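In what follows, a structure is listed as structure tokens, so that the remarks can point back to it.
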Amino acid sequence: MYIHFYHGRKTIEEELNDWGEDGPIVSVSFISWTYGNLKLHDETDDFTFLSQAEDLIPLGNMYYGDFELLPDGDPWVNGRPVISIKEFENLNQKQWL
């Protein structure tokens, strides 16, 4: 399964007239919810929390307003770069440096 982030912007305040930037696609085994926090899990059951900032998801130098879950084998994913949970964690941490 994959989680795809989109509707990206460079700042929280940026107003979009279109869909904004397309974001990363992360390979996940499953997703869980713990006390109001979304957790992304990999095949070893390692996980990371999905951060939020004013209703947006901060990743790297961007903030994303939407995500979608895609099944394994989804043709939309073919040919696009897919990152691991570890790579996602590194991207997520860059936001706060």
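The values are calculated or read from the model by the stated rules, or taken from the named source; none is laboratory data. All values reported here derive from a predicted model rather than from experimental measurement. Reconstructed Cβ throughout: ideal geometry from the backbone, glycine too, with neighbour counts over all protein chains shown.
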Inset, instruction - Under 8 Å between Cβ atoms, at least 6 apart or on separate chains: pull out the pairs that start in region 58-71 with a residue that is closer than 11 Å to ASP22 by Cα and at pLDDT 90 or above and end on any residue that is among the charged types (D, E, K, R) and buried (at least 21 other Cβ atoms within 10 Å of the Cβ). - result: none
Legend entry - Count of region 17-38 residues which are in contact with a Lys or Arg (Cβ under 8 Å, 6 or more places away or on another chain) and touching a residue at least 24 places away in the same chain (Cβ under 8 Å): 4
